[in-house]
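Asker: Just dropping this structure here.
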Amino acid sequence: MSTAAVELRGISKRFDAVVANDGIDLVLARGTVHAVMGENGAGKSTLMSILFGLVRPDSGEIIVEGEARSFSSPLDAIAAGLGMVHQHFRLFDSMTVAENVVFGAEPTRGGRIDRAAAAARVLDLAERYGLDTDPQARVGDLSAGARQRVEILKALHRDARILILDEPTAVLTPSEVTSLFTVVRRAAEAGTTVVLVTHKIQEVLDVSSEVTVLRDGRVSGRFVTAETTSAELVRAMTGREVEIVANPGTGSLGDTVLEVEGVSVAEARVERVSNVSLSVRRGEIVGIAGVSGNGQHDLVAAILGTTAVSAGRIRLGGDDVTGAPVAARRAAGLAVIPEDRRGEGSAVTMSITENLSLGHHRQPPIGRPNGFGRGWMSLAGARRRASEQISSYDIRTSGEKQPVGSLSGGNAQKVVIARELSFEAPLLIAEQPTQGVDVGAIEAIHGRLLDYRASGRGILLVSHEISELLALADRVLVMFAGEIVAEFDRTQASAERIGAAMAGAAAAAGEEWTA
Amino acid sequence: MIARLTRHPAVVPIGAVVLAILIGAVIILLAGLNPIDAYAAVLQGSLDPRNLDYTFAVWGFICGMGLVAAIPLRMGEFNLGGNGQLVLGGITAYVVASQLGLPGIVAVPLALIAAMIVSGGFAAVSAPLATRFGIPIIISTLLLSPVAVAVASYLVRFPLAEKGSGNAQTPVLPEDAHIWSLGDLRYTSVGLLLIIAVMVIFYVVDSRSAVGFELRVTGANRRFGEYAGLKPGRLALGAMGSAGAVAGLVGAIIVLSSPYRFIDGALISPGYTFAGLAAALLAGGRPALVPVTAILFTILQVGGASMERTAEVPRQLSDVLQGVVIVILALRVVLDARRAGAGKDS
Ligand SMILES: Nc1ncnc2c1ncn2[C@@H]1O[C@H](COP(=O)(O)OP(=O)(O)OP(=O)(O)O)[C@@H](O)[C@H]1O
Ligand SMILES: [Mg+2]
């Protein structure tokens, strides 16, 4: 009997014109953590979906624990001992955490779901693996990080022996990542085999024992983690060296483009944001750090106007927009890259062109703002504009008609970024702008954000990545429990200090505290 | 390959039709009759050259009522109030054409326009009900429809009733106020051309205009639309207003056509609303497909009568088949919503 938990041999899959997987071999040794890396669209998710029975390969063999398998659905894969945490959430928003976790494998009593047992099971798992969660909370109310924990609990609940994690850390904060990796290590020690898809090299170096790198649907490198370097991995992924974009430092500051004054947001009587004040000026990137669910997203929603404030005022470029509708705020000079790409930032059934056009569809070259053609769109103009953006943002696609939902995760993110940056609004709010994008693209996006600032516009950057905040922001505010608990300027900011403040240690950051 | 084929968007609609036809066959068999004869009679009855005039007229009405459902469906809303909107248009057209004593060249267009305005306004009420009071459009249209039907019924029984007739109907319209006919065709009139024109307009607006784009975005992902600054309330007002206007137009055309009067129940009983809804659902609201799917329901509708005559299968079977198609398509909507969390991204 071999020690391989899973062996994939010669897996190929083509979607119309795109060869997503081209003869991939992958061997996962039992009880190890195996990282899979590669650029956006390299074929990682496709390969994982094939292993999990979601996608049928055109050719190739899947051997699980010594037995050749052909999964016709994820149910077969689950029965064979596999579990998968998907790149995007597959949860029922209207159900509770406990219901979601046990869904499909419910503890029953007298033929009915035993809610108490389900809740107990969730608490037990959560405690054992150190995943903080409330079994009774409605999933729709949870932050991205909390949802991610629910997904992981779901796989753990079914006692998966082979756990596939497709970019589990894209929306997690550093402390959440640390606790996730504690879970992963514990699971591996207990004999579980883990496949980890990620773009973050540090994570790979920290937690995996082997690495397979994909490029354009093929294996471009196999490494033993202990014997490799991050430069070597980057070269295998991109075929080149990636230059780290240097932040040229603060330029000259201009007028204030955003002023938030004593804003509170309450939802169902719970105060999500309490008395927050901040401002962003032209030529400035203001960062907001915080563990997800501490009010950052509610603050963004309040500025955009999709959530009402319960107190305070919001001014965009001098106009008071506190009670104004979203359209008026966008017209006053606001663009937003939202955290929830699928739920809020795109229409997955619509084409790349249509997704890129929304909001630009009444302006040239798509719309005709006045005169005879007013209210009509030029489809040719929209297409031309889309193909320009596809090449300038390096969106890997079979064409501008491809629905956004069938793009790879990182490429879908680039669509959202391209659309919002091209508004050239005086204020850009960027929430997790680089979630799910590969190393090369992160640098490209960081470069664009710095150019955006250099062109005399302001950015409010909400990120879980402390490294991203340190690389880009001129000032970093830390949110905890709905309040801004600390502020650091560029020279004072460090990963340790921000991290401590994010964990709620406002007192420890006392010297930097500014109201 | 097979997996790819089964995921093609046309599979469910076509499957629904095939399944409905099979279920119909089983019902006919259970009744001890011959399904092949019955279906042959349906096709013969509807496609018989001598009947084509009538078939075309019915196709036009089903297309019209298809738009009544399809326009709001574009933004994900269900308009179940087609009957009320249709009847209100019919009675308005009758009043304008008969009571104002205008010459035909003015009376006919005026009657059509008035019907569109009244029905459009009536349907548009559902939009503020949804935005201001949170009553879903699917509910308010369903509840308001019988009110309009009852008002029309009252009018035709009392103030507008034909004296000395036992039937609940108005007197015949003056010759001058009949809708213009096409040559010597009896059923198909200029009205059909108007409905075709409206379909073309819907197609062009849907695919080329900013508003059409905004409707489709809202239908695909409402939160995405709101985030981008679209106003679902205003879009709903426009969509419901136009849907109601089309229903009013259809009602007016029916009343201004033979037998040139408003007969209580005559606009509703042929089931154009239901057939149009089924056609719209089958087409997934897509403007270019509505006239195609409407053909199917036209054949069922028109052929149903001859099926009853020659194969002795009650024409209600047509309604059953339509119902089956709607249930299957509705099931798909529900299942899709359930699976919404499980789409592909990655
Ligand atoms: N259902 C589909 N239909 C058409 N093309 C698809 C489909 N699924 C994936 N693709 C294409 O296959 C390629 C590989 O996609 P995949 O999702 O495997 O990439 P990935 O490596 O996971 O990228 P990312 O890091 O961005 O998540 C992409 O070009 C994508 O557009
Ligand atoms: Mg992926």
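The values are calculated or read from the model by the stated rules, or taken from the named source; none is laboratory data. Just so it is clear, the model here is predicted, and its values are computed rather than measured. Note that we place each Cβ from the backbone using ideal geometry, even for glycine, and neighbour counts take in every protein chain shown. These area figures cover heavy atoms from the full protein model, side chains too; ligands, DNA and RNA do not enter into them. Shrake-Rupley method; radii C 1.70, N 1.55, O 1.52, S 1.80 Å.
Asker: Let me have the relative contact order for segment A:1-133, percent, based on Cα pairs under 8 Å that are six or more residues apart.
Answerer: 19
Asker: Another question about this same structure. Helix-derived [θ] at 222 nm for chain A: sum -39500 (n - 2.57) over DSSP H runs of at least 4, divide by residue count, nearest 500?
Answerer: Computed mean residue ellipticity for chain A: -9000 deg cm²/dmol.
Asker: Return the average number of partner chain Cβ atoms within 10 angstrom of each residue Cβ along peptide B:204-216.
Answerer: Across B:204-216, the average partner-chain Cβ count within 10 Å equals 4.
Asker: What translational diffusion coefficient, to the nearest whole µm²/s, does chain B have by Stokes-Einstein, given a Kirkwood radius computed over alpha-carbon pairs, a temperature of 20 °C and 1.002 mPa s viscosity?
Answerer: The Stokes-Einstein estimate is 102 µm²/s.
Asker: Follow-up. Averaged over peptide A:367-379, how many Cβ atoms belonging to another chain are found within 10 Å of each residue's Cβ? List each step's numbers first, then the result.
Answerer: Numbers: counts 3, 1, 0, 0, 0, 0, 1, 1, 6, 7, 7, 1, 3.
Mean shielding count: 2.
Asker: So with the 1.4 Å probe, I'd like the accessible area per residue for segment A:351-420, rounded to whole Å².
Answerer: Value returned for segment A:351-420: 41 Å² of accessible area per residue.
Asker: A further question follows. Can you tell me how segment B:45-191 classifies by the Cα gyration tensor, rounded, prolate or oblate, using a/c under 1.5 as the rounded cut? Could the numbers behind the result be given before it?
Answerer: Working: a/c = 1.92, a/b = 1.31, b/c = 1.46.
It comes out oblate by the Cα gyration axes.
Asker: Sort out the exposed loop GluC sites (Glu not before Pro) in chain B (DSSP loop, at most 16 other Cβ within 10 Å) and tell me the longest stretch that has none.
Answerer: In chain B, the maximal stretch lacking such sites is B:1-161.
Asker: Going by a ≥ b ≥ c, the root eigenvalues of the Cα gyration tensor, does segment B:49-126 fall in the rounded group (a/c under 1.5), the prolate group (a/b larger than b/c) or the oblate group?
Answerer: Working: a/c = 2.70, a/b = 1.16, b/c = 2.32.
Oblate.
Asker: Tell me, how many Å apart are the Cα centres for segment A:160-202 and for segment A:1-78?
Answerer: 18
Asker: Treating each Cα of the protein assembly as shown as an identical point scatterer and ignoring solvent, apply the Debye formula and state log10 I(q)/I(0) at q = 0.07 Å⁻¹.
Answerer: -0.65
Asker: Report the trypsin sites (Lys or Arg not before Pro) located in segment A:264-296 that are in a DSSP loop and have at most 15 other Cβ atoms inside 10 Å of their Cβ, or state none.
Answerer: For trypsin sites (Lys or Arg not before Pro) across segment A:264-296 that sit outside H, G, I, E and B with at most 15 neighbouring Cβ atoms in 10 Å, the list reads A:R269.
Asker: Ballpark to the nearest 100 Å², how much total accessible area do A and B bury together, probe 1.4 Å?
Answerer: Interface area, both chains combined: 3100 Å², rounded to the nearest 100.
Asker: How crowded by other chains is A:340-352, given as the mean number of beta carbons from other chains within 10 Å of each beta carbon? Before the final figure, lay out the partial values.
Answerer: Values: counts 3, 1, 7, 6, 7, 5, 5, 11, 7, 6, 7, 0, 0.
Neighbouring Cβ atoms belonging to other protein chains average 5 per residue here.
Asker: Give the residue list of trypsin sites (Lys or Arg not before Pro) in segment B:123-181 that are DSSP loop and have at most 16 other beta-carbon atoms within 10 angstrom.
Answerer: Qualifying residues, ordered by number: B:K163.
Asker: Another one. Considering Cα pairs under 8 angstrom that are at least six residues apart, work out the relative contact order of chain A and quote it in whole percent.
Answerer: Relative contact order comes out at 15 percent.
Asker: Calculate, axis by axis, the spread of Cα positions in segment A:4-238 along the three principal axes, and write the results as whole Å, longest axis first.
Answerer: Largest first, segment A:4-238 extends 51, 37, 33 Å along its Cα principal axes.
Asker: Mind checking which lysines have their Cα closer than 22 Å to the Cα of A:K401? Skip sequence neighbours fewer than 8 apart in that chain.
Answerer: Within reach: A:K13, A:K414, B:K344.
Asker: Give the distance, in whole Å, between the Cα centre of segment A:327-363 and the Cα centre of segment A:212-279.
Answerer: Taking the Cα centre of segment A:212-279 as reference, the centre of segment A:327-363 is 21 Å away.
Asker: By how many degrees, between 0 and 90 and to the nearest 10, does the Cα long axis of helix A:144-157 differ from the longest principal axis of chain A?
Answerer: 10
Asker: Quick one: angle between helix A:439-454 and the longest Cα principal axis of chain A, in degrees between 0 and 90, rounded to 10, please.
Answerer: 0
Asker: Using a probe radius of 1.4 Å on heavy atoms only, what accessible surface per residue do you get for segment B:17-337? Whole Å² is fine.
Answerer: 43
Asker: Can I ask one more? Provide A:L334, B:L102 ordered by accessible surface of protein heavy atoms (probe 1.4 Å), highest first.
Answerer: Result of the area sort, largest leading: B:L102, A:L334.
Asker: If you fit an axis through the alpha-carbon atoms of helix A:115-129 and take the longest principal axis of the Cα set of chain A, what angle between them do you get, 0 to 90°, nearest 10?
Answerer: 90
Asker: Are there GluC sites (Glu not before Pro) in segment A:352-446 that DSSP marks as loop and that have at most 12 other Cβ atoms within 10 Å, and which are they?
Answerer: A:E424
Asker: Then there's this: Quantify, in whole percent, the carbon and sulfur part of the accessible surface of chain A (1.4 Å probe; protein heavy atoms only).
Answerer: Here carbon and sulfur together make up 50 percent of the probe-accessible area.
Asker: To the nearest 10 square angstrom, how much accessible area does A:H361 have with a 1.4 angstrom probe?
Answerer: Result for A:H361: roughly 10 Å² accessible.
Asker: Any chance you could check segment B:223-253 for residues losing 30 Å² or more of accessible area when the partner protein chains are in, compared with the chain on its own (1.4 Å probe)?
Answerer: Buried by 30 Å² or more upon assembly, which counts only protein chains, are B:R223, B:F224, B:Y227, B:A228, B:G229, B:K231.
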